[in-house]
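Notes follow the structure.
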């Protein structure tokens, strides 16, 4: 409940700022996602994909607010001491809301809260797949940070690296909670001419 209240407060605050927007542009993003559990022995990274869309709300030449809707393949690869490795695939629909700042037109940093909705949880072992959705709650909370580079052409493209290292996978059993860490290598494209945007990228 506390995490959801924090997310709601941050979301309302960011959208209150976004009410001063000069212009809104839309884009799509996707790329490689590398996830794991931190502070868990014999937990290796799982590589997957993420794909989604966003709206960039320009406030001025440096600042913008960027809500996103992203499907993300997450989880980890377990490496038990005796048994063979197996993959725990926990996939989410994530809703980050990022405050983005352009240090120079071609380079940005951003950060913001994220709400994640679990859409699938499975164990993949030796060609077999088992559903483990009952072992996880459906919603978790996280904080994202990112940096990247953008183009200065008419069609905006960007390459960035995002860290989502504060989100939780919460077992319904009430056992100790490991932190979920994800790294995203992302390419994105937005529509519209640079000359028509309310922000400078």
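For region 81-123, evaluate the Debye formula with one uniform point scatterer on each Cα (no solvent term) and list log10 I(q)/I(0) at q = 0.15, 0.20, 0.32, 0.34 Å⁻¹, rounded to two decimals.
Each listed q maps to, in turn, -0.62, -0.74, -1.03, -1.07.
Hey, fewest Cβ within 10 Å first, where do 98, 149 land in order?
Numbers: 98 24, 149 13.
So the residues, fewest neighbours to most, are 149, 98.
Let a ≥ b ≥ c be the square roots of the eigenvalues of the Cα gyration tensor of region 29-156; is it rounded (a/c under 1.5), or, if not, prolate (a/b larger than b/c) or oblate?
Judged from the Cα gyration tensor, region 29-156 comes out prolate (a/c at least 1.5, a/b above b/c).
Debye sum, Cα scatterers, region 19-95, no solvent: what log₁₀ I/I(0) at q = 0.15, 0.22 1/Å?
Cα-only, vacuum Debye calculation for region 19-95: -0.64, -0.93.
Just so you know, all these numbers are worked out from the coordinates, no wet-lab data involved. Keep in mind that this is a model prediction, so the values were computed, not measured. Don't worry about glycine lacking a Cβ; one is built from the backbone with ideal geometry, like all the others, and counts go over all protein chains shown.
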